[in-house]
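Each remark here refers to the structure printed beneath this line.
None of the figures in this text is laboratory data; all of them are computed from the coordinates on show. Computed from a predicted model, the values in this text were never measured in an experiment. A quick note on method: Cβ atoms are made from the backbone with ideal geometry, for glycine too, and the neighbour counts reach across all protein chains shown.
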Amino acid sequence: MSSQMGEHPIPLTIETVRIFADFSIRRGCGFALLGVSCVMFAFSFDLRQAFHVGAILVGLLAIVLWFKGLRARRKPYYRTELWIILPERPRMGKAELQRLIGGVLAERFLWHAWAAAAVAGGLAVLALFIWLNRLL
């Protein structure tokens, strides 16, 4: 693919593929977190319950990301959003492309799953502190 006039083409390295994978995954996570925040806002009358629901929903997001990470190596690379948003197509064989894109996606999905699990844990700790504060 050629770039437009005045633009410099982005060299396609494994780091570039990681950047675009992160962009793709974070776009999806952003939409999921928008839904989670709307549900948490609906429970804003009870702060402990809002954080509790948020922890559960973000925990579910972490589980979904983990499963997607497990499946990423087997999913055909040409059916991924990452393949669609890459600025240029790598010139490799199909098996090499599957290993590259599937491997990067698996790595990044699992990293995002751990990050989501940490956020879910933080929300659960906040809900616990609020509950303990009410008892005292």
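Results, tabulated for the structure shown:
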{"quantity": "Crossing angle, helix 47-71 versus the chain [Cα axis fit, 0-90 degrees, rounded to tens]", "calculated": "30"}
{"quantity": "Convex hull volume of the chain per residue (C-alpha atoms, cubic angstrom)", "calculated": "121"}
{"quantity": "Mean projected area (nm²) of the alpha-carbon convex hull when region 61-136 is viewed from all directions", "calculated": "5.9"}
{"quantity": "Nearest-ten-degree value, helix 94-135 long axis tilted from longest Cα axis of the chain", "calculated": "10"}
{"quantity": "ASP46 versus TYR78: modelled label distance in nm, points set 7 Å from Cα along the beta carbon direction", "calculated": "5.3"}
{"quantity": "Inter-probe distance in nm under a simple model that places probes 7 Å from Cα toward Cβ, at PHE31 and TRP131", "calculated": "3.3"}
